[in-house]
1. To the nearest 0.05, what FRET efficiency results for R181 and R83 with a Förster distance of 25 Å applied to their C-beta separation?
2. Taking other Cβ within 10 Å of each residue's Cβ, how do F80, F17, F4 sort, fewest first?
3. Of the options F204, W123, S14, report the single residue whose Cα projects farthest towards the positive end of the charge dipole of the chain (beta-carbon charges: Lys, Arg +1; Asp, Glu -1).
4. How many nm separate the modelled label positions at L57 and V121, each set 7 Å beyond the Cα in the direction of the Cβ?
5. Could you give the dipole magnitude of the chain about its Cα centre, charging the beta-carbon of Lys and Arg +1 and that of Asp and Glu -1, in debye to the nearest 20?
6. Just going by the charge dipole of the chain, with Lys and Arg at +1 and Asp and Glu at -1 on Cβ, which of M1, F195, V59 is farthest out on the positive end?
7. Would you order C151, C56 from fewest to most other beta-carbon atoms within 10 Å of each residue's own beta-carbon?
8. Give the share of C-alpha pairs in each 5 angstrom bin for the chain, from 0 to the last occupied bin, in whole percents, shortest bins first.
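No value in this document is a laboratory result; all are computed from the given coordinates. No experiment lies behind these values; they were computed from the predicted model shown. Cβ coordinates were reconstructed from backbone atoms using ideal geometry, including for glycine residues, and neighbour counts include every protein chain displayed.
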Amino acid sequence: MIAFLSAGMVLGFSLGFLPGPLMALIISQTFQHGIKEGIKVSIAPLLTDFPILLICLFVLTRVAHFRAILGIVSLIGGLFVMRLAYESIRPKEISFSAARTEPQSVKKGAIVNALNPNPYVFWLTAGTPMILKAWNGGLLAASAFVAGFLCCLVGAKVIIAVLAGKASLFLKGKMFGTFVRILGLFLLAFALLLFKDGLKLLGFL
């Protein structure tokens, strides 16, 4: 059990710091609404990865054309991330005071993670096979892998939110607005990558 717990923790912590749509959203929400909202985005994997894991278990045993499904999910995710990018890039007054609009950080984080193909690819190609292997050692071993992975994945993203929040204290006025718009450009880049992955999975590239 310890071996699978350790494997899950190492994987989760490592993947938690990889750049992606969720990381960009964490930083963007933190800069616009504060550390608390960034942390809310960080918990998205706790809401979405377990259903994704169940889907992957189902797919591994029954569905033959998973690439096409993954491609469609990726295209939808690209559209959603592009919308978030537009909200960050468009000209607007930005300040460190309490946001006038509802941040909806948990909702945004869950949608971004659910429509990002990377969690599906991880659980399909690495996570689910590891769980099936751990299952030979019993339910406790399999649960330890999942718990270790999710705790360290979320923990890494919480660290990102805290660091982004500390960095935001050094930015004021126009510099702050410019930085948020730069984050919007990163979100746009991730949206384009999601479109590319989706088209590739569907066989158009």
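1. The formula returns an efficiency of 0.95 here.
2. With the fewest neighbours first, F80, F17, F4 line up as F17, F80, F4.
3. Value computed over the given set: F204.
4. Taking the two extended label points, one gets 2.4 nm.
5. The calculation lands at about 400 debye.
6. F195
7. Ordered from fewest to most neighbouring Cβ atoms within 10 Å, C151, C56 come out as C151, C56.
8. Calculated P(r), rounded to whole percents: 1, 8, 15, 18, 18, 15, 11, 7, 4, 2, 1, 0.
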